[in-house]
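Structure record follows, encoded as C-alpha cells.
The values are calculated or read from the model by the stated rules, or taken from the named source; none is laboratory data. Just so we're clear, the structure is a prediction, and the values are computed from it rather than from any experiment. For neighbour counting, all protein chains shown are included, and Cβ atoms are generated from backbone atoms with ideal geometry for every residue, glycine included. Only protein heavy atoms, including side chains, enter the accessible area calculation; ligands, DNA and RNA are left aside. Shrake-Rupley method; radii C 1.70, N 1.55, O 1.52, S 1.80 Å.
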Amino acid sequence: MGNFASRSVTTSFASSWGLEPPGGAVRTAGHDRWCHESGDRLSTISSPHAPPLSYDVFRLDRTRTTPCGSPAAGATETRGIAHEATWHGCHLRAALPLALLLQISAALPLPSATLYVWTNSPSDGPGTNWTSAFHTIQAAVDAAFDGDTVLVTNGYYDTGGALTPGYGLSNRVCVTNAIVLRSVNGPDTTLIMGAADPATGGLGSNAVRCAYVAGAATVSGFTLTNGHTWPESMQFPDTKAPNRLAGGAFLSDGALVTNCVLAVNRCGEVGAGAYLTNGARAANSSLIGNRAEGRGSIGGAYCSVGCSIDDCLVASNYAFVAIGGVYCQGRLNRCTITENNAGGLYIAPLGVANHCNISRNANPTASRFGGGATIAGVLEGSILIGNTSKSGGGAICRAGGMMRNCQVVSNHSSEVNFGSVKSNGGGGAYCEAGATLLNCTLVANTSMGTGGGTYAKDGSTQINCVAYGNLAQETGSNMFTQGSAAAILNTCSPDLAHGVDGNITNAPLFADSAGGDFRLLPDSPCIDAGTNIQDVAADLNGIPRPLDGDNDGTAVADMGCHEYIHPGADSDRDDLIDADEIDIHRTDPLNPNSDGDPQSDGREVVADTDPNDRGSFFHILAFDADGGGLCTLTLPCSTARVYSVEWSDDLLGWSPVAGMIDLPGEAGGLMSLSISNAAERAFFRATVGMP
C-alpha cells in the first residue's frame, strides 16, 4: 500500500553523536556517516566533523542525472557535509545542514518498476525478479509505488492481506495507490481467495474480503472468490457499512477491475460480487454466483453515480430481498444479465443502462420488482427475454423511468388478481404512473393476471410501440389500461381503437417472428406510422431515426424498436441512399454533411475523400504562378479517380485545358498540375470524377 507521494529523502543532523552508529545503521567509509533504510524512507545521519558544503540534491535516473529538489521553503542553511547513498536504483548526493532537521518530501519522478509475486519462489522478496518474488500479493503491493506493476503468476493466493482503510474488515489484497496489479496467465490460473469467519463458517468479524482497490489502481486477470464480509447484524452507531459491502471487490476512487472473474462471494448487505463508488469501473469481467444477505441486499454488483460496468457478464447471483443482479446509479453498457435470482437489474433515477441483454432472471417473491429489470432511470436499446416475476415479468417501469428502443419477448408475470381490482399483470412491462415506453416492441409475453404485453396505469405513457401476439389469462392480452388517463399514442396493438391518437390494430408484419427477427417487412403498416421524438435518435441496432421508410420524401419514425431502411430512400438528400450510408460509408443518413467540412457526403464519395474526416475533402491546396504564364495547381487525389482542369476568363463559361482531361490520380495522395497561361487574365478550376 505504498504511496508515491510519501516517498521522500529525510536528512537529519544531530548536534552530537558518538563514534558508533545508531541501532540498525551501517557505518560507511570516507567520513562519519551512517545510512539507515526503513520502509519508504532512506535516512542519512551525519556527524559534525566535516567541512561545510552547499546544499545540493540530484537524482540519477538510471541513465541521466537531473536536479530534483531544493531546500524546503523557510529553512535556514548554516553548514553541512556531503552524503551519497543509493536507494531503490537512484543515487542521491546532499549537503546536510547543521543544527537543523530538514525533511525533503518531494515526489521524485522515479521510473516505474515491476514487482513479482510467486507463492513458491526461492526467496520471499524483494520481488525484483521471479527468483526473489514475494510470496503474497499484499507484500508486493506494499512495496509498490505509483506507476509500478505487480505481476502475479499462477497460484491460489489465500494468505496475507490488510485492513480496509478506516474500517475493520480485512482484505486479502488492499491497494490504495495507482499501480497495475496483473496476472501472467489470466483468471483461470490465478485466484485471490477471501475467507469465511472461522467461528461462523460464513459472515463475521474475522471474515476476509478478496480485494479493496482504490487510488486509480487497475486489477487485471484474476479470479476473486470466497470473499466474505461482516453480517448485517454487526452495526454500529455510524453503521460502518463498508465492513458489510462487497465480498469480492470494493472499488473506489477511479479503480478499474478488468478481465476478472468475481465468483461465489458473500456479503452482509450490498454488492456481494462488487461495490463500485467514486468513479470506479468494472470492464470485461464476470460476476457469477455471488450471494447478498440482509434486508437491502444486492447480489451481483452495486454501481454508484459516476461509475460504470462495461461489457460484463452478471449471472446466477442471489439476493435475499432486493436485486440479484445489478443495482445501477451510474452507467451499465453492453452487459449480459442472466439467470439472477430476485431480479436482474435495478436502474435508479440517475442510472442508465445501454444495449444490454437481460434474460432468464426471476423474481419469485417481491411484486414491487420486475423479473428482468426495475426501471426508475433509463433502459436504452436492450433486449429482455424469458424473465419472470409476480408483476412486470420483463420489467417494471416506475415513475420517471423510461424504456426506449427495447425488445421485450417471452417474459411472464405470475401473479393472479382476486376480485374486481386488476392490480397485477404486465407480462412484458408493468408501467406505473409517470413511466414512459418509447419505440418498444413487446411480443409473446404472458400474464396470469392482466396485460400480457403491457399493464399501463393512469399517468403512464407509451408512444411508437408495438404490442402484438401476447397473452393474458384475464383481460388485455396485449395491453391493459387501468383507468383512462394513460397516454397511448402511435402504437400498434389489437387492444386499441384503430385510428385514434395515431394508433393502429393491423398486424405489424415482422420479418421472422418465430425466429426472433422482429424487424419490419417492406409492407409493414408500422413503417413511417410513428411520430418523431427528439429523445429517440436511433433504434435498437443503432440505426438513426427517423428515416424515410416509405420513400415518400419525408422521414418519419417507425413503430417498434426497429427502423426500416428503404432500399431506395435518401432521407437527407445528399445523393447517397440510406442503406449505403449505413452499411458502406458509415455516414449519418440524416445529415448530408456528416463531418461538417465544405462538401456533402455524396460529393465526398464521388471525390473518394473521407466523408467522416473534417480535414479530408476535395479542394485546391495550392496555386502558384511564376509571373511568366506558368501556373501550378496542387490537389489531393486518389488513384481510383480521374482529374481535369478547366479555365474561364469570366467565371461564366468553362473550357477544358488541353492535356488536362481525365488525368489519373497519383500515388501518395497529392498531384501537381502545371498549366501554361497565355491569356492576360484567366480563372482555373479542377474537377474530379470516376474513371
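Of all residues in segment 626-654, how many are of a type in the set (Asp, Glu) and either touching a residue at least 60 places away in the same chain (Cβ under 8 Å) or surrounded by fewer than 12 Cβ atoms within 10 Å (Cβ to Cβ) (or both)?
So the count comes out to 2.
So is THR189 at pLDDT 95 or above and under 30 Å from ALA241 (Cβ atoms) or not?
No, not satisfied.
If you check ASN259, ASN243, ASN185, which single one turns out to be open to solvent by less than 10 Å² (accessible area, probe 1.4 Å) and either touching a helix residue (DSSP H, G or I) at 6+ places or on another chain (Cβ under 7 Å) or of a type in the set (S, T, N, Q) (or both)?
ASN243
Can you work out which of the residues in segment 195-218 that are touching a Ser or Thr at 6+ places or on another chain (Cβ under 8 Å) and small (Gly, Ala, Ser) is farthest from ASP142 (Cα to Cα)?
Across segment 195-218, the extreme among qualifying residues is ALA207.
So how many residues does segment 175-220 have that are assigned to a strand (DSSP E or B) and not β-branched (Val, Ile, Thr)?
Total satisfying the criteria: 13.
Results for (1) in contact with a Cys (Cβ under 7 Å, 6 or more places away or on another chain); (2) outside any loop (DSSP other than H, G, I, E, B), shown as yes or no for each residue.
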site	(1), (2)
ASP253	no, no
VAL257	no, yes
LEU262	no, yes
ALA272	no, no
TYR275	no, yes
GLY279	yes, no
ALA282	yes, yes
LEU287	yes, yes
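Just name the residue that is modelled with the highest pLDDT out of those in segment 401-424 that are part of a strand (DSSP E or B) and farther than 19 Å from HIS562 by Cα.
HIS412
List the residue pairs whose Cβ atoms are under 8 Å apart, where the first residue sits in segment 376-405 and is without any contact (Cβ under 8 Å) to a residue 24 or more places away in the chain, the second is open to solvent by less than 10 Å² (accessible area, probe 1.4 Å), and the two are 6 or more positions apart or on different chains.
Note: no pairs meet the criteria.
For segment 122-176, what are the residues that are of a type in the set (A, V, I, L, M, F, W, C) and within 23 Å of ASN243 (Cα to Cα)?
ILE137, ALA139, VAL141, ALA162, LEU163, LEU169, VAL173, CYS174, VAL175
Does PRO231 satisfy the condition of being farther than 15 Å from ILE192 by Cα and part of a helix (DSSP H, G or I)?
When the stated conditions are applied, PRO231 does not pass them.
Just need a number here: residues in segment 340-383 that are among the aliphatic types (A, V, I, L, M) and assigned to a loop (DSSP other than H, G, I, E, B).
Within segment 340-383, residues that are among the aliphatic types (A, V, I, L, M) and assigned to a loop (DSSP other than H, G, I, E, B) number 5.
Within segment 160-171, identify whether any single residue is in a strand (DSSP E or B), free of Cβ contacts under 8 Å to residues at least 40 places away in the same chain and open to solvent by 40 Å² or more (accessible area, probe 1.4 Å), and answer yes or no.
Yes - at least one qualifying residue is present in segment 160-171.
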